[in-house]
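There's a structure below that I have some questions on.
The values are calculated or read from the model by the stated rules, or taken from the named source; none is laboratory data. It should be emphasised that the depicted structure is a prediction, and the values quoted were computed from it without experimental measurement. Heads up, the Cβs are rebuilt from the backbone with ideal geometry, glycines too, and the neighbour counts pull from every protein chain shown.
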Amino acid sequence: MDRSLSQEEIDSVFSTVQGKKPDDAGKNAAAYDFRRPDRIAKDQLRAIHLLHDNFARNLASSLSAFLRAYAVVNLVSVEQLSFSEFSQCLPSPTCLVSLAMKPYEGNAVLEINSSLVFPILEMLLGGSGKASAKIAREVTEIEQVVLDGLYRIILNDLKQAWHSIIPIDFTIEARETEPQLLQIMAPNEAVVAIGLEVRIAECSGMINIGMPSIIIKMLRQKFDQQWSVRRSESTLEEQGRMLRIMQPSIFLVDARLQGPTVLMDDLLRLTIGDVLTFDYPVERPVDFLVNGKLKYRGHVATTGRKKVFLIDELHKAG
């Protein structure tokens, strides 16, 4: 069969196409920067959020004991940025250190706002930490030495928080006061930025941590293993611990004959000699409620002079 088109058929097709407007295929398209590396998975980002939420709670206790003042630490944000974006978000001047992450190659960044550093320095030197004027200058070498104790507290809690995933030894490699001078990563390299708000006495400020995304991606399997362990069945030790916690609990139990209902008006008109029919056979099981919810079915029995409830079956919620 000859399937070739004639000239009139070809002209007819072109005339039909020219009369239609092309679909706007790029209407919902979004610009993509190929210089930006792939982002880490959302479930891994949530795991990092939970990890540093625990770190924030532990750090609050450690700072309160170290400074002998009530400290509050809240996790504000966990997001992925390029290193240049992370650096631009940091104040200047500030207290900035580069952290080695042994046994992995690469460095993390720890930054403490000046609004937090100088009140802490005053408290460490015997003051109240309630400076009225804000100090906007670089930290001196002597003050850096005084802050070593603070860094030791922060890095120890950070190490303990990451130990649930994998042992990482955080150590200080370099110190800076200007974010632009700390060139430890390429500007387009991705980092996971963790922001913590710290309030001590009447002062407050931010602690920012930047970790290379490439290292966190390498630990994806470790994060998955941690969650699989958490989802596994509880051990006998954990079951015993839960039993010890629940033993002092008090529950309201009630055995009821669930029969027909009676109107209040009919109930008020009852007199001596009236008979109520409950339509409840003797062999029918009695409902046993725990805190108002049906849990078991059975029969009322006696043991000696005491009334007891004999459980026949577990109620299965439909």
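Can you tell me which residues in the stretch 157-190 are touching a helix residue (DSSP H, G or I) at 6+ places or on another chain (Cβ under 8 Å), among the aliphatic types (A, V, I, L, M) and exposed (fewer than 14 other Cβ atoms within 10 Å of the Cβ)?
186
Separate question: Show the residue pairs that are 6+ apart or on different chains and have beta-carbon atoms under 6 Å apart, the first residue being within the stretch 137-149 and hydrophobic (A, V, I, L, M, F, W, C), the second being not in a helix (DSSP H, G or I).
Final answer for the pair search is 139/95.
Exactly one of (1) over 27 Å from the mean Cα position of the chain (by Cα); (2) surrounded by 11 or more Cβ atoms within 10 Å (Cβ to Cβ) is unmet by residue 193. Its number?
(1)
Turning to a different aspect of this structure: Among the listed residues 171, 177, which satisfies the condition of being outside the structural domain of residue 293 (by TED's automatic domain parsing) and over 28 Å from the mean Cα position of the chain (by Cα)?
177
Residues are listed down the side, and each one gets a yes or a no for (1) surrounded by fewer than 12 Cβ atoms within 10 Å (Cβ to Cβ); (2) assigned to a loop (DSSP other than H, G, I, E, B); (3) at pLDDT 85 or above; (4) of a type in the set (Phe, Trp, Tyr):
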| site | (1), (2), (3), (4) |
| --- | --- |
| 233 | yes, yes, no, no |
| 277 | yes, yes, no, no |
| 297 | no, no, yes, no |
| 302 | yes, no, yes, no |
| 318 | yes, yes, no, no |
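A follow-up question, please. In the stretch 282-294, is there at least one residue being assigned to a loop (DSSP other than H, G, I, E, B) and touching an Asp or Glu at 6+ places or on another chain (Cβ under 6 Å)?
Yes - at least one qualifying residue is present in the stretch 282-294.
Kindly evaluate residue 273 against the criterion of being assigned to a loop (DSSP other than H, G, I, E, B), surrounded by fewer than 10 Cβ atoms within 10 Å (Cβ to Cβ) and of a type in the set (Gly, Ala, Ser).
For residue 273, the condition - assigned to a loop (DSSP other than H, G, I, E, B), surrounded by fewer than 10 Cβ atoms within 10 Å (Cβ to Cβ) and of a type in the set (Gly, Ala, Ser) - is met.
Every residue, every condition in (1) touching an Asp or Glu at 6+ places or on another chain (Cβ under 6 Å); (2) at pLDDT 70 or above; (3) over 24 Å from residue 210 (Cβ atoms), yes or no:
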position	(1), (2), (3)
2	no, no, yes
18	no, no, yes
28	no, no, yes
31	no, no, yes
34	no, no, no
44	no, yes, no
50	no, yes, no
54	no, yes, no
59	yes, yes, no
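Here's the yes/no breakdown for (1) outside the structural domain of residue 162 (by TED's automatic domain parsing); (2) modelled with pLDDT under 90; (3) within 22 Å of residue 154 (Cα to Cα):
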site: 193; (1), (2), (3): no, no, yes
site: 197; (1), (2), (3): no, no, yes
site: 202; (1), (2), (3): no, yes, yes
site: 208; (1), (2), (3): no, no, yes
site: 215; (1), (2), (3): no, yes, yes
site: 221; (1), (2), (3): no, yes, no
site: 226; (1), (2), (3): no, yes, no
